[in-house]
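In what follows, a single structure is set out as structure tokens and then discussed.
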Amino acid sequence: MAIENAWNSNSDNSIEIHIKDSFIVTSSVIGFLIKFIKKDKIPITLYITNDELYEMMDDMNLIQALNIKKAI
């Protein structure tokens, strides 16, 4: 709901999601993000700090699909 609200209130800017401390993202969250990006055409970028999570997303071939960037 927060992503939809942010997009509806200001669709001129892309949405940045920073995942700093987590080492996992649930499949339901991944599904919602894919829907927002692919179906709803909401420009979202995920910035992931945790190396394990980034590698897992890469292994699942989600880097490009979810517009994931490695954060420092």
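The values are calculated or read from the model by the stated rules, or taken from the named source; none is laboratory data. Owing to the predicted nature of the structure, the values given are computational and were not obtained by experimental measurement. With ideal geometry, Cβ positions are generated from the backbone for all residues, glycine too; neighbour counts draw on all protein chains shown. These accessible areas exclude ligands, DNA and RNA; they are computed on the full protein's heavy atoms, side chains included. Shrake-Rupley method; radii C 1.70, N 1.55, O 1.52, S 1.80 Å.
Of note:
- For the range 56-72, a residue qualifies if it is on the phi > 0 side of the Ramachandran plot and in contact with a strand residue (DSSP E or B) (Cβ under 9 Å, 6 or more places away or on another chain), and exactly one does: ASN67.
Conditions (1) in contact (Cβ under 8 Å) with a residue 12 or more places away in the chain; (2) among the hydroxyl-bearing types (Ser, Thr, Tyr); (3) open to solvent by 50 Å² or more (accessible area, probe 1.4 Å), marked per residue:
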| residue | (1), (2), (3) |
| --- | --- |
| SER14 | yes, yes, yes |
| SER22 | yes, yes, no |
| THR26 | no, yes, yes |
| GLY31 | no, no, no |
| PHE36 | yes, no, no |
| ASN50 | yes, no, no |
| MET56 | yes, no, yes |
| ILE63 | no, no, no |
| LYS70 | yes, no, yes |
